[in-house]
Amino acid sequence: MNHGVPHDGVPHRTAPGGGGPRSHSGGSGTVPSGAAPGGAAPEDGAAPGGPPRDAAPGRTPLLSVRDLRVTLRERGGTAVPAVRGLSFDVHPGEVVALVGESGAGKSLTARAVLGLAPHGAQVAGSVLLDGQELVGARPSVLRSVRGRRMSLVPQDALTVLSPVHTVGAQLVRAVRSVRGTGRARAWEEAVAALDRVGIPDAARRAHAYPHEFSGGMRQRAVIAMATVNRPDVVFADEPTTALDPVMQARVLELLCGLSGQTGTSVVLVTHDLGVVGGHADRVVVVYAGRHVESGPVDRVLTDPRAPYTAGLLAALPPREARDRRLPAIAGSPPSPTSLPQGCAFAPRCPLAATRCRAHEPSPVVAGEPGRLVSCHRWQDLPDPARSLFADVP
């Protein structure tokens, strides 16, 4: 990984195709099914909320999410569209970041993919894991997938770990519930998992209770629990919540390093673009339950094609000029119970035009392979795009 930091203050991971000047005049990239060049409408009945496939020619995704919709119910029966047609792919050994403000639907997306949507929620669309459809699958099928094929690292480790059982005992239970192995073998797997995530003297610490671990160690123990059965995909939901910056970096290195150690794919759910650059391969930006922009992380962070992405980047603190006031995106994200007509970001967007307020944009290819954007005016962004929200040198 490359953890160098350019002038914008965002660490970037080296990826093919990075760099080069902005070009809004198209490109030679292959148009994915359901995404059209320029501002054209998607073809072939494509999902309006996101690309039916990622622009990764020749690669077969391990996890394929298509037109995912999650509708919650308020008291009184009012329907609340929380996730509105989101699509993305995850390839073997890849780290994909789902990024957006709080309330964007990121965590709900992760739980819906895992079959853990809140009681009463309606989930529609398609979630294919190695070709197996999970939306509408029987509970027994979902239980056989969770832990074995896919797992979740939740936000707060204290809500996961039982205070009355040792960490090792909880890991043993996770192993035996999935694999049915004997206690001795399960204990060996538990200790190995703790050692793999960097718990010192793992064989001894496995006998400790969660309150005897520091916050960072508890988070590592939760990662060990999520990965002890070596699943194909791990969803990490804000895994660095309440950790100091040094421990945040260590946990992210550990979590995203799993892709190289075990071939596990990681979906990193976060509101912080600053933690994405040095750890993810691709990024999917989400706003109000919809796809905003996606592509290779280095390209999205250095050359955003959506005003919303540009606003998130402009708000990141730079490594220099710390005395200046940080810009902010005006207003607040809309409530899913009162979404505006047209583009949900239009009321906060400096580039919003009449068509933005009238018609919700569909994803289009943004001038180069692997780049998709859901914005009517992506070709009108200034260079650099962050100058929409601040004076950027």
Inset, instruction - Would you rank Ser374, Ser387 by solvent-accessible area, highest first, keeping every protein chain in place and using a 1.4 Å probe? - result: Ser387, Ser374
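Can you give the net charge of the other residues whose Cβ lies under 15 Å from the Cβ of Gln248, counting K and R as +1 and D and E as -1?
On the way: positive: Arg218, Arg220, Arg250; negative: Asp156, Asp237, Glu238, Asp244, Glu253, Asp272.
Result for the neighbourhood of Gln248: -3.
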Inset, instruction - Obtain the nm distance between the two label points defined at Ser335 and Ala79 by a simple spin-label model: each point lies 7 Å from its Cα along the Cα-to-C-beta direction. - result: 1.9 nm
Legend entry - Qualifying GluC sites (Glu not before Pro) for the range 68-129 [loop in DSSP, other Cβ within 10 Å: at most 14]: Glu74
Inset, instruction - Please give, to one decimal in nm, the separation of the simple spin-label points placed at His271 and Val164, each 7 Å out from Cα toward the Cβ. - result: 3.4 nm
Legend entry - Stokes-Einstein D in µm²/s, Kirkwood radius over Cα pairs - the range 81-211 at 37 °C with 0.692 mPa s viscosity: 192 µm²/s
Inset, instruction - Would you pull out the residues with amide H under 5 Å of Cys375's amide H, same chain only if 5 or more places away, H placed 1.01 Å from N? - result: Val364
Inset, instruction - Give me the percent of Cα-Cα pairs in the range 155-224 that sit more than 19 Å apart, rounded to a whole number. - result: 23 percent
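Within 10 Å of each candidate Cβ there may be at most 16 other Cβ atoms; applying that plus a DSSP loop requirement, which trypsin sites (Lys or Arg not before Pro) in the range 313-385 survive?
On the way: sites: Arg319, Arg322, Arg324, Arg325, Arg348, Arg355, Arg357, Arg371, Arg377; in loops: Arg319, Arg322, Arg324, Arg325, Arg371, Arg377.
Answer in residue order: Arg319, Arg322, Arg324, Arg325.
Where does the charge balance sit around Thr270 when Lys and Arg score +1, Asp and Glu -1, over other residues with C-beta under 12 Å from its C-beta? If you can, show how the numbers build up before the last one.
Working: positive: Lys106; negative: Glu101, Asp237, Glu238, Asp272.
With Lys, Arg at +1 and Asp, Glu at -1, the net is -3.
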Inset, instruction - May I ask for the distance between the Cα centers of the range 320-363 and the range 178-247, given as a whole number of Å? - result: 40 Å
Legend entry - DSSP-loop chymotrypsin sites (Phe, Trp or Tyr not before Pro) across the range 270-351, with at most 10 other Cβ within 10 angstrom: none
Legend entry - Candidate residues His211, His376, His359, His91: accessible-area rank, largest first, probe 1.4 Å: His211, His359, His376, His91
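The values are calculated or read from the model by the stated rules, or taken from the named source; none is laboratory data. The structure presented is a predicted model; accordingly, all values stated were derived computationally and were not measured. Counting neighbours? That spans all protein chains shown, and the Cβs are built from the backbone with ideal geometry, glycine included. Note: accessible area is taken over every heavy atom of the protein model, side chains too, but ligands, DNA and RNA are not part of it. Shrake-Rupley method; radii C 1.70, N 1.55, O 1.52, S 1.80 Å.
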